[in-house]
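Below is one structure, written out as structure tokens, with a few remarks after it.
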Amino acid sequence: AQSVTQLDSHVSVSEGTPVLLRCNYSSSYSPSLFWYVQHPNKGLQLLLKYTSAATLVKGINGFEAEFKKSETSFHLTKPSAHMSDAAEYFCVVSLLTSGTYKYIFGTGTRLKVLA
Amino acid sequence: KAGVTQTPRYLIKTRGQQVTLSCSPISGHRSVSWYQQTPGQGLQFLFEYFSETQRNKGNFPGRFSGRQFSNSRSEMNVSTLELGDSALYLCASSSDTGNTIYFGEGSWLTVV
């Protein structure tokens, strides 16, 4: 069965320090993987997606993620955190079932950025 | 290109009432899906519509229903509201060939 696990429910970093949000997935075939960000009182915004092209994916706002098949991981990183990065982040796996895509959402990681 | 538009953004209803939420997808997108987001349950899939037909359905009671119109706009309805229906309702759309879903800003429903 396909699943996605976000290993940390909360992460705190200081402004200007690196960000690492961890995501592991379980899939019987090559998945499509996404990271979304949700700022307070907002919808989910697509940060980046992996769809079996380059394993290092660059997204918006300086975020990137690396697909590691051997580790079944898709961790999200950013070299230097900014106060505006404080939000909730969701790792998502999509799978094609009976001709339609289904999406499995992680439980989210709330990122806090300290001044 | 305009994004996914949801209306209304905020609303307050009384237990037992019903509510209708609206979603306009990105132009050209024919798939529209709905999600409920609560602090305790996270993001839960309600249903998906494609070309006016419900294609997938989550595990919600029959009080939750939806429909899609020929212009791909979608509505969801919740009847006989309960306090537990208080949530952020998110709509997302995707193109026929893509597997990326794009979300609207959501509709905040409070049931009192």
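Derivation of every value follows stated rules applied to the coordinates shown; laboratory data play no part. The structure presented is a predicted model; accordingly, all values stated were derived computationally and were not measured. Here the Cβ positions follow ideal geometry from the backbone for every residue, glycine too, while neighbour counts run over all protein chains shown.
Brief remarks on what is shown
- Highest mean first, the peptides A:104-113, A:63-72 sorted by other C-beta atoms within 10 Å per residue fall in the order A:104-113, A:63-72.
- Given +1 at the Cβ of Lys and Arg, -1 at the Cβ of Asp and Glu and no other charges, the dipole of region A:61-115 around its Cα centre is 120 debye to the nearest 20.
- For the residue pairs A:Lys69/A:Lys102; A:Lys78/A:Lys102; A:Lys58/A:Lys102; A:Lys112/B:Lys57, the C-alpha atoms sit more than 32 angstrom apart in A:Lys112/B:Lys57.
- Across peptide B:43-50, the average count of Cβ atoms from other chains found within 10 Å of a residue's Cβ is 3.
- Average partner coverage of B:97-105, which counts Cβ from other chains inside 10 Å: 6
- Between region B:42-69 and region A:19-49, the Cα center-to-center distance that results, in Å: 22
- Packing here is the average count of other Cβ atoms within 10 Å per residue, and on that basis the peptides B:55-62, A:39-46, B:77-84, highest first, run A:39-46, B:77-84, B:55-62.
- Largest-first principal axis extents of the Cα set of the protein assembly as shown (Å): 48, 41, 35
- Residue-count net charge about B:Gly84 - beta-carbon cut-off 15 Å; Lys, Arg +1, Asp, Glu -1: +1
- Additional length obtainable on full extension of the chain from A:Ser12 to A:Lys69, 0.36 nm per residue less Cα span: 17.8 nm
- For residues of A:35-48, the mean tally of beta carbons on other chains within 10 Å: 4
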